[in-house]
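Single-structure report; data block below.
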Amino acid sequence: MRDTYFAKKLLTILFLALLAYVWVNNASYTTIGNLYDYLVQDTFLNKETDVEENDEESDENDAAEERLLVSDICSAYTENFNKKNELVNLNGAIAKLFNIRGLYRDIGMYVYDEGYIVSAAKETSTDYEYEQMVDLKKFLDERGINLLYVNQPTKYVDDAIFKEEFGVESYCNRNADKFLERISAAGINIIDLRDEMLEDEMNVYNMFYRTDHHWTTESGLWAAEKIAEGLNEYCGYDIDLSIYNHSNYSFEEVQDCWIGEQGRKVGLSYVGLDDFTIIRPNFETNYTYIYVTKPETYDGTFDEFINDEVYSSERANGSYYGRNWYYSYSGKSVINHNVETGKILLLSDSYAQVMEPFLSLGVGEIKKVLLRDFKGNIREVIENAGCDTVVIAYAEFMIGAHDNPESSNYKMFAFD
């Protein structure tokens with residue numbers, strides 16, 4: 001009996017020692033400070049608002065831009081967790097062995113056939129997005145500026161897949177259907193790339209990476225041509241669509257070379273590595289790269305859109321968890337000196353990383369803004385941009401993001 005008592009005590013001590021090791025080794029104690037900052041931030045923000053109550057420019061939106069979110073704390077902690085990748089891969093190996101496809105269902109992520117990762121979306125009214133779009137159209141109409149909305153597909157085009165495969169409802173496509181119907185009825189021109197996919201008999205599963213929520217570079221090139229067609233049809237442009245013929249580009253395919261953002265969560269051991277294709281135009285290009293809110297510029301070619309350093313030869317040694325290959329392409333604001341007409345203000349998400357560079361080949365100028373990180377007044381930008389067209393190109397899961405203040409995409413439809 002006495003031996004059992006001491007054995008339990010010893011196990012307790014060892015367990016506490018292990019917790020202490022994890023606590024110190026992963027700098028867990030620093031999270032206490034972040035949690036304190038989160039809990040008291042409203043008090044400090046209210047004090048700042050009281051002090052500046054006579055300043056009409058100091059409103060709750062300004063304060064919200066500086067808010068610390070729970071997701072920020074969780075991300076900071078998990079990103080620096082010691083042996084994180086090894087632990088994730090252990091989980092992934094077990095999940096794959098037992099075919100557990102909803103291991104990360106708490107963040108709406110599931111593993112479909114052949115390691116193809118999909119995410120669910122909650123139902124939304126679309127009221128906020130609709131009202132913002134209608135108000136923006138009125139603002140643009142008063143200034144003679146075109147408005148074109150582009151619906152970018154998610155990794156599945158039929159919400160029924162979730163109910164059939166995982167027993168879970170997802171409203172991603174139904175939200176988009178409802179939203180597009182409403183803004184179309186309000187006189188806003190739209191391009192629904194799902195319709196274009198159907199017309200071209202494309203397989204949605206071939207358009208996206210298995211391990212990442214983004215579409216492929218080939219899909220970005222395809223989408224650029226479809227948007228160019230829409231600009232010709234709805235906005236009076238005259239883009240030479242032959243510029244998007246595949247014969248005008250080089251395609252460098254790299255096999256099993258990287259793992260995407262979703263794959264990193266479920267584990268390399270579960271979904272494996274993705275392929276990647278680097279696409280460059282074969283013809284001469286001549287750009288001036290600009291900043292929307294700064295006076296600095298620099299000249300270059302299309303190659304400035306691509307960061308070749310991302311394609312590291314060290315990947316064979318296990319550096320798959322380095323920078324996401326998708327972001328080797330960077331959608332930038334540019335003046336295309338090979339084209340004289342067309343000035344676009346592009347409001348977009350990260351899908352534009354591999355779409356906007358190709359779209360820029362057909363127009364004279366693109367100024368790009370990502371509202372997720374933007375802290376200025378977008379209407380002031382529109383006033384000063386000198387654009388003739390505003391293109392909003394969003395992935396479907398942006399619709400409804402404003403329902404959740406904790407979402408990183410909360411501000412994507414904030415056009416006022």
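Table for the structure above
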| read-out | value |
| --- | --- |
| Residue within the range 308-318 that is touching a strand residue (DSSP E or B) at 6+ places or on another chain (Cβ under 8 Å), of a type outside the set (K, R), surrounded by 14 or more Cβ atoms within 10 Å (Cβ to Cβ) and outside any helix (DSSP H, G or I) present | yes |
| Any hit, the range 318-334, residues being of a type in the set (D, E, K, R) and at pLDDT below 95 | yes |
| Test: I259 is of a type in the set (A, V, I, L, M), within 21 Å of G362 (Cα to Cα) and in the same structural domain as I278 (by TED's automatic domain parsing) | no |
| Failed criterion for D238 (all others in (1) outside any helix (DSSP H, G or I); (2) under 30 Å from N89 (Cβ atoms) hold) | (2) |
| Count - residues of the range 162-171 that are crowded, with 17+ Cβ neighbours inside 10 Å and more than 22 Å from the chain's Cα centre (by Cα) | 1 |
| Top-ranked residue of the range 87-103 - restricted to ones that are in a helix (DSSP H, G or I) and β-branched (V, I, T), ranked as nearest to F162 (Cα to Cα) | I94 |
| Test for I227: is it touching a strand residue (DSSP E or B) at 6+ places or on another chain (Cβ under 7 Å), part of a helix (DSSP H, G or I), within 27 Å of E196 (Cα to Cα) and assigned by TED's automatic domain parsing to the domain that holds G362 | yes |
| Strands (runs of 3 or more DSSP E) fully within the range 104-215 counting 2 or more residues that are outside the structural domain of T389 (by TED's automatic domain parsing), touching a Cys at 6+ places or on another chain (Cβ under 6 Å) and among the polar types (S, T, N, Q) | none |
| Condition check for D275: part of a strand (DSSP E or B) and among the acidic types (D, E) | yes |
| Among the candidates I183, I259, residue that is modelled with pLDDT of 95 or more and buried (at least 17 other Cβ atoms within 10 Å of the Cβ) | I183 |
| Condition check for N324: under 18 Å from E218 (Cα atoms) and of a type outside the set (A, V, I, L, M, F, W, C) | yes |
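Every residue, every condition in (1) at pLDDT below 80; (2) of a type in the set (S, T, N, Q), yes or no:
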residue: V88; (1), (2): yes, no
residue: I117; (1), (2): no, no
residue: A120; (1), (2): no, no
residue: N146; (1), (2): no, yes
residue: Q152; (1), (2): no, yes
residue: K155; (1), (2): no, no
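Conditions (1) of a type in the set (D, E, K, R); (2) over 30 Å from L87 (Cβ atoms), marked per residue:
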residue: D275; (1), (2): yes, no
residue: R280; (1), (2): yes, yes
residue: F283; (1), (2): no, yes
residue: T288; (1), (2): no, yes
residue: R323; (1), (2): yes, no
residue: Y326; (1), (2): no, no
residue: Y329; (1), (2): no, yes
residue: K332; (1), (2): yes, yes
residue: H337; (1), (2): no, yes
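The values are calculated or read from the model by the stated rules, or taken from the named source; none is laboratory data. These numbers come from a predicted model, not from an experiment. Cβ sites come from the backbone with ideal geometry, for glycine too, and all protein chains shown count toward neighbours.
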